[in-house]
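Quick notes on the structure that follows.
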Amino acid sequence: MSILFYEKTKIFHLCNQEFSYIMMVLPNGHMGQLYCGARVHEKEDFSYLFERMHRPMTACVFDEDDTFSLEHTRQEYGVYGTTDFRHPAVEILQENGSRLLDFKYQGHKIVAGKPSLPGLPATYVEDDKEAETLIVTLKDRVTDVSLELLYTIFAKGGILARSARFVNGGAQSVQLTRAMSFCLDLPDAEYEWMQFSGAWARERHLKVRRLEQGIQAVDSLRGNSSHEHNPFIVLKRPTADENQGEVMGFSLIYSGNFLAQAQVDTHDMTRVLLGIHPFGFSWKLEAREEFVTPEAVMVYSKEGLGGMSRVYHKLYQKRLARGYWRDKERPILNNNWEATYFDFTQERLVELAKKAKECGVELFVLDDGWFGERSSDFAGLGDWVANTTRLPKGITGLAEQIEALGMKFGLWFEPEMVNQDSDLYRAHPDWILKTPDRHASLGRHQHVLDFSRREVVDAIYKMMAKILREAKVSYIKWDMNRSITECYSSAYKADRQGEIFHRYILGVYDLYERLTSEFPEVLFESCASGGGRFDPGLLYYAPQGWASDDSDAIERLKIQYGTSYVYPISSIGSHVSVVPNHQVFRNTPLHTRANVAYFGTFGYELDLNKLTEEEVTQVKAQISFMKEHRHLIQFGDFYRLSSPFEKNITAWMVVSEDKTEAIVGWYKVLNGVNMPYSRLKLQGLSEDMVYQITVDGQELSGNYYGDELMHIGLLTSDGSAGELPHGVRTCGDFDSRIYVLKA
Ligand code: DGJ
């Protein structure tokens, strides 16, 4: 990996074995983009890539050179209105009303490793040799605002992390009204655009379409990254697929309002923008104040979507997630939510826990309803003290009982919220986000606390820390069950109201930071009505997240498959729940529910006492299977084999680093009769190793070379009746198999 600067040509070349990123200082002092893609040789002069031509009539030119128009120039951090008409990366409202900017190159420095971003989650290094960072400083002469563009290239993988830092060096205040984290101008538009969208209970469904002239975008204006769209997009060449071809992922390490956009101009140049959503955003910079954008991470891969995903998985698992749990197998848990909802007593919980222990569960989680006057979702949020009618010995007593059973104890919180019917609200009705003289809308009967205020975060921290200090709590599920409306903070002046959405998220990060540093061994799982805030920002604090409130195995195929494009398997909260399923009322076999949930953190979201003896035996076997294989599943290399967005069959697999072990998950939605023969081509194995295979615990006769399994495929045919090639049982609807391969 190296970052090179050629003084004569004013060219920067960031590169490692797989990737090159080349920029130059343009004749007007702005930063120009020359190339982003597969590694090319180092050389001094790439200035021929600064293409320009005289475009008669329409182009406005910068100075007298009629070939130099910013509109037709690829830039690093575009500004609007000085011959460029595309959506810009930055906009600053100045005291005289102007929004024009002219950021000119001042200098740069190259530092080993990667600086952290104050108050913000970001990727990191453990050794300075893992990455190098280029900081380019530019300045706008009129406002005296300086801009630092930060670029980190990692030693391995086509990874580029970017952020921007603004410092107001002038005497007058300015308003930053747009400050994107990432701006990339590409020379063509031969791409397919992929987004991961949905709604509550059907998050991160893959949508693909051809990139076209005009603007395509996904965003969130809900105060969280949202169920609706994930802060992640992919541009792939139309011929690229899972295993080959050029793809570029763009992921924003942020949990609030975001915009991810591609604008293709009429000359087919593509501008990608990623960052805090400019709508409604402004940030006042008084003299000498600074603003740092969140980080965005681009991954370039020549090895298709699978190659890109595996780079993100390792990066986010090892160099975004942190702390005690980062590299550890995740405990198998039993959560009481779908078993009891609000209807529980201490005795009932202990009954659930005893059965969980008997089955091999390691962590018992008490969900919503344990605090204040919370007997329904109308009351109690904000009062983080145990309800002693339900839990006579409080959380301390319950945790002790669970620990005495030989399990760890986990607890649910929704720290950012308050019900009107709560002591906290009665004492501080002004602590909610609310616009003066206007109605404050409710969501799930609750208001959003004003986390832009330090004293509010302090108060919640005190209540949570007290419980964590007193009781043996090993896990926290941190929920967030509504979007933000009427966003306004009475603690800030009018000219700072555009900052509140971002300040709110900074408050959330601050609380996470305080709790995770004080209680480093507590495992945090993020949640927002399921997957409403499943984003890289929270992965920095909570190495796993509840992927969706939809726990139906068939629905989960799409949700988990979509999630896997960027997020590691160790981060995907996935549980077995009861049938008929509580969200879609579907009946799926118990083995399929487990076979899907294995590919995540794994746990149960049901009352194990209500299962038949035979089912309990199955659950015990599932738990011991997961204990045996979870390291491979959660930390191995993940390959998508067959997409639920295209086919009736979903399949994926994980392979160990040394390729001696692999596990394949194979899922059939609906059964057919008298169906064609079928094969599944595996991935990631060693061509030369010979593998022994078991299907659902039953050994297949014969041994198979890796090349056979990858090029010919694994036979998966299942006739509607009769003997199968390998003696595998026939399938029904919603059926599945797990294949375990050992070299
Ligand atoms: C929404 C979560 O996603 C559920 O798992 C559960 O914790 C409920 N909130 C509790 O209110």
- Query: From the backbone phi of region 166-179, what are the Karplus-calculated ³J(HN,Hα) couplings (6.51 cos²θ - 1.76 cosθ + 1.60, θ = phi - 60°) in whole Hz, Gly and Pro given as x?
  - Reply: 10, 10, 7, x, x, 8, 9, 7, 10, 10, 6, 10, 7, 8
- Item | Built amide H within the under 5 Å cut-off of Phe19, gap 5+ | Arg39
- Computed FRET value (nearest 0.05) for Asn671 with Lys129, which takes r as the C-beta separation and R₀ as 51 Å: 0.45
- Looking at the square roots a ≥ b ≥ c of the eigenvalues of the Cα gyration tensor of the chain, which shape do they give, rounded for a/c under 1.5, prolate if a/b is larger than b/c, or oblate? oblate
- What is the sum of charges around Ser678, taking Lys and Arg as +1, Asp and Glu as -1, for the other residues whose C-beta is under 10 Å from the C-beta of Ser678? +1
- Note on the structure: Expected field for Val264, accessible surface area in Å² at 1.4 Å probe radius, rounded to 10, holds 10
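Taking the Cα centre of region 276-403 as the origin, how large is its charge dipole in debye, to the nearest 20, when only Lys and Arg (+1) and Asp and Glu (-1) carry charge on their Cβ atoms?
680
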- Message: Please enumerate, by chain and number, the aspartates and glutamates with C-alpha under 20 Å from the C-alpha of Lys659, excluding those fewer than 8 residues away in the same chain.
- Response: Glu242, Glu303, Asp327, Glu329, Glu628, Asp637, Glu687, Asp688, Glu699, Asp707, Glu708
- Task: Under a cut-off of 16 Å between alpha-carbon atoms, report the aspartates and glutamates in cross-link reach of Lys114, not counting same-chain residues fewer than 8 places apart.
- Result: Glu126, Asp127, Asp128, Glu130, Glu132, Glu148, Glu295
- Of Cys60, Cys527, ordered by accessible area with the largest first and a 1.4 Å probe, the sequence is Cys60, Cys527
- Between Glu289 and residues 5 or more places away or on another chain, the pairs with built amide H atoms under 5 Å apart involve Asn168
- Message: Give me, ordered by chain and number, the residues 5 or more places off Lys408 or on other chains with an amide H under 5 Å from its own placed amide H.
- Response: Leu363, Phe364
- Message: For Lys109, give me every one of the lysines with a C-alpha distance below 21 angstrom, ignoring sequence neighbours fewer than eight places off in its own chain.
- Response: Lys8, Lys10, Lys43, Lys129, Lys139
- Lys466: accessible area at probe 1.4 Å, nearest 10 Å²? 110
- Chain lengthening between Thr82 and Lys681 when straightened (0.36 nm per residue, less Cα-Cα): 210.3 nm
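Taking 26 Å as the cut-off for C-alpha to C-alpha distance, list the pairs among Lys434/Lys558; Lys302/Lys681; Lys408/Lys462; Lys236/Lys328 that go past it.
Cα-Cα > 26 Å for Lys434/Lys558; Lys236/Lys328; rest within.
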- Task: Quick one: net charge around Gly256, please, counting Lys, Arg +1 and Asp, Glu -1 for every other residue with C-beta under 10 Å from its C-beta.
- Result: +2
- Task: Given the peptides 330-339, 577-586, arrange them by the average over their residues of other C-beta atoms within 10 Å, most packed first.
- Result: 330-339, 577-586
- Just going by the charge dipole of region 642-742, with Lys and Arg at +1 and Asp and Glu at -1 on Cβ, which of Gly713, Thr694, Ser736 is farthest out on the positive end? Ser736
- Query: What relative contact order, as a whole-number percentage, does the chain give when Cα pairs under 8 Å and 6 or more residues apart are counted?
  - Reply: 10
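Shape call for region 2-319 from the C-alpha gyration tensor, a ≥ b ≥ c root eigenvalues: rounded (a/c under 1.5), prolate (a/b greater than b/c) or oblate? Display every interim value, and only then the final one.
Details: a/c = 1.26, a/b = 1.17, b/c = 1.07.
Rounded shape, in that the Cα axes give a/c under 1.5.
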- Message: If the only charges are +1 at each Lys and Arg Cβ and -1 at each Asp and Glu Cβ, what is the size of the charge dipole of region 261-318 around the Cα centre, to the nearest 20 debye?
- Response: 340
- Item | His54, His72, His13, reordered so the largest accessible area comes first (probe 1.4 Å) | His54, His72, His13
- Item | region 2-319: relative contact order in percent, alpha carbon pairs under 8 Å with at least 6 residues between | 16
- Note on the structure: When the charge dipole of the chain is computed with +1 on Lys and Arg Cβ and -1 on Asp and Glu Cβ about the Cα centre, the Cα farthest towards its positive end, among Met675, Gly394, Asn168, belongs to Gly394
- Task: Kindly identify region 642-742 as rounded, prolate or oblate by the Cα gyration tensor criterion: order the square roots of the eigenvalues as a ≥ b ≥ c, call it rounded if a/c is under 1.5, otherwise compare a/b with b/c, prolate if a/b is larger, else oblate.
- Result: prolate
- Message: Please report the antiparallel percentage of the DSSP beta bridges confined to the chain, to the nearest 5.
- Response: 85
- Query: When Lys and Arg each count +1 and Asp and Glu each count -1, what net charge do the other residues less than 13 Å away from His428, Cβ to Cβ, add up to?
  - Reply: -3
- Cleavage-rule hits (GluC sites (Glu not before Pro)) in region 441-486: DSSP loop, at most 16 neighbouring Cβ within 10 angstrom: Glu486
- Message: As a test question: what accessible area, to the nearest 10 Å², does Lys647 have when a 1.4 Å probe is rolled over all protein chains in place?
- Response: 110
- Task: Please state the charge dipole magnitude for the chain, taken about the Cα centre, from unit charges on C-beta atoms (+1 on K and R, -1 on D and E), reported in debye and rounded to the nearest 20.
- Result: 420
- Say each of Glu615 and Arg438 gets a label point 7 Å from the Cα, pointing the same way as Cα to Cβ; how far apart are those two points in nm? 4.8
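The values are calculated or read from the model by the stated rules, or taken from the named source; none is laboratory data. Nothing here was measured: the structure is a model prediction, and the numbers come from that model. Here the Cβ is made from the backbone with ideal geometry for all residues, glycine too, and neighbour counts use every protein chain on show. The protein model used for the area step is the full one, side chains on, heavy atoms only, and it has no ligands, DNA or RNA in it. Shrake-Rupley method; radii C 1.70, N 1.55, O 1.52, S 1.80 Å.
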